[in-house]
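Step one of this worksheet: look at the structure below.
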Amino acid sequence: MMKRAWLRSVVALSATLLTVSMTAAANPALAEPAAVAVHTLDSAAGVTDYWTSDRMRAATPLDQLLTSRAPAADVPAGDAQVVPGVAALAYPTSGEPWTGGGEVTRTAGRVFFTFDGSPASCSGNAVTSANRSVVLTAGHCVKYQGSWHTDWIFVPGYDEGTAPFGEWAASATLTTPQWEANEDINYDVGAAVVEPVNGQRLTDVVGGQGVAFNQPRDQDMYAFGYPAADPYDGSALIHCGGATFTDPLLSDDHGMRCDMTGGSSGGPWFLDFDESSGTGVQASVNSFGYSVLPGYMFGPYFGSDAQALYEEAQSA
């Protein structure tokens, strides 16, 4: 979760700036999604060997390595679409280990990569896709400060330094055009297409969660991730759950009470999450938190641009 120092100065500015920003966010215009940004990685040979258990444990949450970025633009509206999901149960929690089992313990995982020469980590989630190889994550977990991350792998079901379902190296990473162009926080969505392991594709091994786009706001949701900054250590899957709201400050993102820290970025937010089966439809990812609003997590609205990203990834 990105703690954005620039907000301290922005929030201190006049109420007029905030009013203009929030008014614009309340009336998004319809627009066709722009072209998805795609980065082809070098051969995965050697990448999984590089990520030893010790190196994974030592990886720094990316959010602790980041600096400030530019403010956000509005998210256009679009037609609702759901790639199948299930019914939800009740919650709420703001950051506890997930003990319920189910599919989420297989589809959610840690993401590891090299950023600016340092081993870094985020979170991600395997989703249903035509190529059976798509991981959704945050945009800053695939590209940041003008550079695409390298040595990118996904470790579903990560557990205390072990990879119970294998290590999956990315052949390509993708993000929205808005994130690629100016790191617009409203579009902080990324994806990876991972290579087969032992002749099997990702979701044939771990399953894939459903995905939802252009859904109504202010619904109850669950968020999952592998926070690795204090008080967490990245060893276990953590979850939050409860009512969501639209960011009242400087983005169009979903907000939720949640105490997850750095390293949880890119973890999934689910609608219609069934605690008994651990399944739902993914409708956002962990993205950032405000320094002036501790104890809350924010995640981008999955609109038409996120849908275009997903479609591009599953066709790769």
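Only four residue types carry charge here, +1 at the Cβ of Lys and Arg and -1 at the Cβ of Asp and Glu. Report the dipole size of the stretch 224-297 about the Cα centre in Debye, rounded to the nearest 20.
Value, rounded to 20: 80 debye.
Could you order the peptides 262-269, 140-147, 105-112 from most to least packed, using the average number of other C-beta atoms within 10 Å per residue?
The most tightly packed comes first, giving 262-269, 105-112, 140-147.
Full-extension gain between residue 204 and residue 219, please, as 0.36 nm times their residue separation minus the C-alpha to C-alpha distance.
2.4 nm
Can you sort 128, 52, 261 so the residue with the fewest Cβ neighbours within 10 Å comes first?
The order, fewest Cβ neighbours first, is 52, 128, 261.
Every number in this text was worked out from the coordinates using simple rules, so none of it is lab data. Keep in mind the model is a prediction, meaning the values are calculated, not measured. Note that each Cβ is placed from the backbone with ideal geometry, even for glycine, and that neighbours are counted across all protein chains shown.
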